[in-house]
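The values are calculated or read from the model by the stated rules, or taken from the named source; none is laboratory data. Computed from a predicted structure; not experimentally measured. So basically every Cβ, Gly included, is an ideal-geometry build from the backbone, and we count neighbours across all protein chains shown. Just the protein is used for accessible areas: all its heavy atoms, side chains included, with ligands, DNA and RNA removed. Shrake-Rupley method; radii C 1.70, N 1.55, O 1.52, S 1.80 Å.
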Amino acid sequence: MEQILGYLGLGLMLGLSGIGSAYGTTIAANAAEGGLKKNKDKSSAYMILSALPATQGLYGFVAFLMMKGLMETNPVLLFGLGIGMGIVFLLSAIRQGQTAANGIAGIAAGHDVMTNTMIYCALPEFYAILALVAGLMA
């Protein structure tokens, strides 16, 4: 039974982070597609901002690789960490995608908000990094 919980934790960690990144990047990419219709010259800024939510999926993958060794020693801990980290990765990626989408809309409208948007996007990213570090320290 404990091993099943461990595998479930690993799956949630990896799966939720990937789902969050898929949603987050899609939210931002949809805004980028609209932005291209208004201002094609800023496509590189749109791409950069659209890619930011993908990092949470990478964090989930790194955590999966680093923590699968807990299966042998403490699968119940792995279950708890998987749920906690997976939810943080999921939500931070979605919210980061929404933040990036708003920045993309501002850039498309002609405002110089790239730097500010990068800073705002770093805020939900920070919590994903904290979750990763806390999980790896466990």
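Can you run the Rg to Rh ratio on the chain? Use alpha carbon positions and the Kirkwood inverse-distance Rh.
1.11
What ³J(HN,Hα) values, in whole Hz, does the Karplus curve 6.51 cos²θ - 1.76 cosθ + 1.60 give for the stretch 8-14 when θ = phi - 60°, with x put for Gly and Pro?
Per residue, the Karplus-derived 3J(HN,Hα) values read 5, x, 4, x, 5, 4, 6 Hz.
Pop out the ³J(HN,Hα) list for the stretch 131-138 in order, Karplus 6.51 cos²θ - 1.76 cosθ + 1.60 with θ = phi - 60°, rounded to Hz; leave Gly and Pro as x.
Each residue of the stretch 131-138 in turn: 4, 4, 4, 4, x, 6, 7, 5 Hz.
With all pairs of different alpha carbon atoms counted, what Kirkwood hydrodynamic radius in Å does the stretch 27-70 show?
12.1 Å
Over the stretch 30-77, average the accessible area per residue using a 1.4 Å probe and give it in Å², no decimals.
Counting only protein heavy atoms, the per-residue value for the stretch 30-77 is 60 Å².
Tell me the Kirkwood hydrodynamic radius of the stretch 92-138 in angstroms, computed as one over the mean inverse distance between distinct C-alpha pairs.
11.4 Å
Express the carbon and sulfur contribution to the solvent-accessible surface of the chain as a percent, rounded to the nearest whole number, probe 1.4 angstrom.
68 percent
How much length is gained if the chain between residue 136 and residue 22 is pulled fully straight, taking 0.36 nm per residue apart and subtracting their Cα-Cα distance, in nm to one decimal?
Contour length minus the Cα-Cα distance gives 38.7 nm.
With label points built 7 Å along Cα→Cβ from the Cα atoms of residue 111 and residue 44, find their separation and express it in nm.
2.3 nm
Let's see if you can work this out: charge +1 on each Lys and Arg Cβ, -1 on each Asp and Glu Cβ, no other charges. What is the dipole magnitude of the chain about its Cα centre, in debye to the nearest 20?
That gives the chain a dipole magnitude of about 360 debye.
How large is the helix-only mean residue ellipticity at 222 nm for the chain, computed as the sum of -39500 (n - 2.57) over DSSP H runs with n ≥ 4, divided by its residue count, in deg cm²/dmol to the nearest 500?
Dividing the helical sum by the residues of the chain leaves -30500 deg cm²/dmol.
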